[in-house]
Amino acid sequence: MKTSVELVESMTEAEVENLMSRLKLVQSWVDEFGRAVGVHKTPRVRIAHSCVHYGPISHTVGVPALHLVTLDLANLRLVVAHEFGHSLRRWPSLFSWTTFARMKEEVRADRAAIRLTGASIDAWETAVRAVMQIEHTDEIGSPDDALNELTLRRKCLEVSRL
Ligand SMILES: [Zn+2]
(Lines give C-alpha, C1' and ligand atoms only; values in the text may rest on other atoms or scores of the structure.)
Protein backbone atom coordinates (compact mmCIF):
# COMPACT_ATOMS: atom_id res chain seq x y z
CA MET A 1 0.00 0.00 0.00
CA LYS A 2 1.00 3.62 -0.44
CA THR A 3 2.36 5.16 2.75
CA SER A 4 0.76 8.37 3.91
CA VAL A 5 3.75 10.44 2.79
CA GLU A 6 3.66 8.95 -0.72
CA LEU A 7 -0.08 9.43 -0.95
CA VAL A 8 -0.15 13.00 0.32
CA GLU A 9 2.72 13.96 -2.01
CA SER A 10 0.69 12.77 -5.00
CA MET A 11 -2.45 14.64 -3.94
CA THR A 12 -3.93 17.80 -5.37
CA GLU A 13 -4.74 20.67 -3.03
CA ALA A 14 -8.42 19.72 -3.09
CA GLU A 15 -7.59 16.11 -2.18
CA VAL A 16 -5.46 17.27 0.74
CA GLU A 17 -8.35 19.45 1.91
CA ASN A 18 -10.64 16.42 1.74
CA LEU A 19 -8.11 14.41 3.74
CA MET A 20 -7.96 17.12 6.43
CA SER A 21 -11.73 17.30 6.68
CA ARG A 22 -11.83 13.50 7.13
CA LEU A 23 -9.25 13.82 9.89
CA LYS A 24 -11.42 16.44 11.63
CA LEU A 25 -14.46 14.20 11.24
CA VAL A 26 -12.62 11.26 12.81
CA GLN A 27 -11.52 13.48 15.73
CA SER A 28 -15.15 14.54 16.23
CA TRP A 29 -16.17 10.86 16.40
CA VAL A 30 -13.48 10.13 18.98
CA ASP A 31 -14.63 13.12 21.07
CA GLU A 32 -18.22 11.88 20.74
CA PHE A 33 -17.20 8.36 21.91
CA GLY A 34 -15.37 9.97 24.82
CA ARG A 35 -18.50 11.87 25.87
CA ALA A 36 -20.59 8.69 25.50
CA VAL A 37 -18.43 6.79 28.00
CA GLY A 38 -17.53 9.79 30.20
CA VAL A 39 -13.83 10.00 29.33
CA HIS A 40 -12.36 13.48 29.77
CA LYS A 41 -9.06 13.18 27.96
CA THR A 42 -9.90 11.62 24.62
CA PRO A 43 -7.06 10.52 22.30
CA ARG A 44 -5.87 12.90 19.60
CA VAL A 45 -6.22 11.57 16.06
CA ARG A 46 -3.29 11.87 13.70
CA ILE A 47 -2.25 10.58 10.30
CA ALA A 48 -0.31 7.33 10.68
CA HIS A 49 2.37 6.02 8.35
CA SER A 50 0.83 2.72 7.18
CA CYS A 51 -1.33 0.96 9.81
CA VAL A 52 -4.33 2.03 11.82
CA HIS A 53 -3.46 1.80 15.54
CA TYR A 54 -3.79 3.20 19.03
CA GLY A 55 -0.56 4.42 20.67
CA PRO A 56 -0.84 4.18 24.48
CA ILE A 57 2.27 6.24 25.22
CA SER A 58 1.24 9.21 23.09
CA HIS A 59 -2.49 8.46 23.69
CA THR A 60 -3.18 8.94 19.99
CA VAL A 61 -5.23 7.14 17.37
CA GLY A 62 -3.27 6.86 14.14
CA VAL A 63 -5.12 6.50 10.84
CA PRO A 64 -3.19 6.35 7.55
CA ALA A 65 -4.16 8.79 4.79
CA LEU A 66 -5.20 5.90 2.54
CA HIS A 67 -7.73 4.64 5.11
CA LEU A 68 -9.06 8.15 5.63
CA VAL A 69 -9.76 8.75 1.95
CA THR A 70 -10.78 5.27 0.77
CA LEU A 71 -12.74 3.57 3.58
CA ASP A 72 -16.44 4.18 3.47
CA LEU A 73 -17.62 6.25 6.43
CA ALA A 74 -19.45 3.43 8.23
CA ASN A 75 -16.34 1.23 8.06
CA LEU A 76 -14.04 4.09 9.03
CA ARG A 77 -16.22 4.89 12.07
CA LEU A 78 -16.14 1.27 13.24
CA VAL A 79 -12.39 1.05 12.83
CA VAL A 80 -11.89 4.29 14.76
CA ALA A 81 -14.30 3.09 17.48
CA HIS A 82 -12.17 -0.07 17.82
CA GLU A 83 -9.00 2.00 18.32
CA PHE A 84 -10.86 4.23 20.78
CA GLY A 85 -11.81 0.99 22.56
CA HIS A 86 -8.10 0.25 23.03
CA SER A 87 -7.64 3.71 24.57
CA LEU A 88 -10.12 2.77 27.31
CA ARG A 89 -7.55 0.17 28.40
CA ARG A 90 -4.53 2.33 27.76
CA TRP A 91 -1.96 0.57 29.96
CA PRO A 92 -3.25 -3.02 29.74
CA SER A 93 -3.12 -2.61 25.95
CA LEU A 94 0.53 -1.60 26.24
CA PHE A 95 1.49 -4.57 28.42
CA SER A 96 -0.37 -7.31 26.53
CA TRP A 97 2.59 -9.17 25.14
CA THR A 98 1.34 -12.72 24.77
CA THR A 99 -0.82 -13.75 21.84
CA PHE A 100 -3.62 -14.67 24.23
CA ALA A 101 -3.50 -11.37 26.13
CA ARG A 102 -3.35 -9.43 22.87
CA MET A 103 -6.34 -11.33 21.50
CA LYS A 104 -8.33 -10.51 24.63
CA GLU A 105 -7.55 -6.83 24.13
CA GLU A 106 -8.64 -7.09 20.49
CA VAL A 107 -11.98 -8.62 21.42
CA ARG A 108 -12.52 -6.01 24.16
CA ALA A 109 -11.86 -3.24 21.63
CA ASP A 110 -14.19 -4.96 19.15
CA ARG A 111 -16.95 -5.10 21.76
CA ALA A 112 -16.44 -1.43 22.58
CA ALA A 113 -16.62 -0.58 18.86
CA ILE A 114 -19.88 -2.47 18.41
CA ARG A 115 -21.36 -0.88 21.54
CA LEU A 116 -20.30 2.66 20.58
CA THR A 117 -21.49 2.48 16.98
CA GLY A 118 -24.51 0.19 17.42
CA ALA A 119 -23.17 -1.86 14.49
CA SER A 120 -23.98 -5.53 13.89
CA ILE A 121 -21.28 -8.20 14.02
CA ASP A 122 -21.60 -8.50 10.23
CA ALA A 123 -20.97 -4.77 9.81
CA TRP A 124 -17.99 -5.08 12.16
CA GLU A 125 -16.57 -7.92 10.05
CA THR A 126 -17.05 -5.90 6.87
CA ALA A 127 -15.05 -3.04 8.39
CA VAL A 128 -12.23 -5.33 9.59
CA ARG A 129 -12.05 -6.96 6.16
CA ALA A 130 -11.94 -3.57 4.46
CA VAL A 131 -8.90 -2.64 6.57
CA MET A 132 -7.29 -6.03 5.89
CA GLN A 133 -7.71 -5.45 2.20
CA ILE A 134 -5.82 -2.17 2.46
CA GLU A 135 -3.13 -3.31 4.91
CA HIS A 136 -2.40 -6.88 3.87
CA THR A 137 -1.91 -6.32 0.18
CA ASP A 138 1.84 -6.63 0.40
CA GLU A 139 4.40 -6.27 3.12
CA ILE A 140 2.50 -6.51 6.38
CA GLY A 141 1.86 -9.99 7.83
CA SER A 142 0.27 -12.93 6.10
CA PRO A 143 -3.33 -12.78 4.89
CA ASP A 144 -3.96 -16.28 6.31
CA ASP A 145 -2.93 -15.24 9.82
CA ALA A 146 -5.14 -12.20 9.58
CA LEU A 147 -8.11 -14.29 8.43
CA ASN A 148 -7.60 -16.81 11.24
CA GLU A 149 -7.52 -13.98 13.74
CA LEU A 150 -10.69 -12.49 12.27
CA THR A 151 -12.51 -15.83 12.59
CA LEU A 152 -11.43 -16.18 16.22
CA ARG A 153 -12.43 -12.62 17.11
CA ARG A 154 -15.83 -13.14 15.50
CA LYS A 155 -16.38 -16.34 17.50
CA CYS A 156 -15.52 -14.53 20.74
CA LEU A 157 -17.93 -11.71 19.90
CA GLU A 158 -20.74 -14.16 19.14
CA VAL A 159 -20.22 -16.09 22.36
CA SER A 160 -20.32 -12.88 24.38
CA ARG A 161 -23.70 -12.05 22.88
CA LEU A 162 -25.37 -15.22 24.15
ZN1 LIG B 1 -7.02 -3.63 17.90
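The values are calculated or read from the model by the stated rules, or taken from the named source; none is laboratory data. Quantities reported herein were computed from a predicted structural model and do not represent experimental measurements. Here Cβ is always computed from backbone atoms with ideal geometry, including for glycine, and neighbour counts include all displayed protein chains.
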- Message: Of everything in segment 44-58, what is in a loop (DSSP other than H, G, I, E, B) and either touching a Phe, Trp or Tyr at 6+ places or on another chain (Cβ under 7 Å) or of a type in the set (Gly, Ala, Ser) (or both)? Give them in sequence order.
- Response: SER50, PRO56, SER58
- Filter result for VAL45 (within 14 Å of the ligand (Cβ to nearest atom) and either buried (at least 20 other Cβ atoms within 10 Å of the Cβ) or farther than 22 Å from LYS24 by Cα (or both)): no
- Over segment 93-148, the set of residues surrounded by fewer than 15 Cβ atoms within 10 Å (Cβ to Cβ) and among the polar types (S, T, N, Q) is THR98, THR99, SER120, GLN133, THR137, SER142, ASN148
- Query: Quick one: VAL61 ticks every box in (1) over 17 Å from the mean Cα position of the chain (by Cα); (2) aliphatic (A, V, I, L, M); (3) part of a strand (DSSP E or B) bar one, so which box is it?
  - Reply: (1)
- Query: Does segment 25-34 contain at least one residue that is part of a helix (DSSP H, G or I), more than 14 Å from LEU76 (Cα to Cα), at pLDDT 95 or above and aliphatic (A, V, I, L, M)?
  - Reply: no
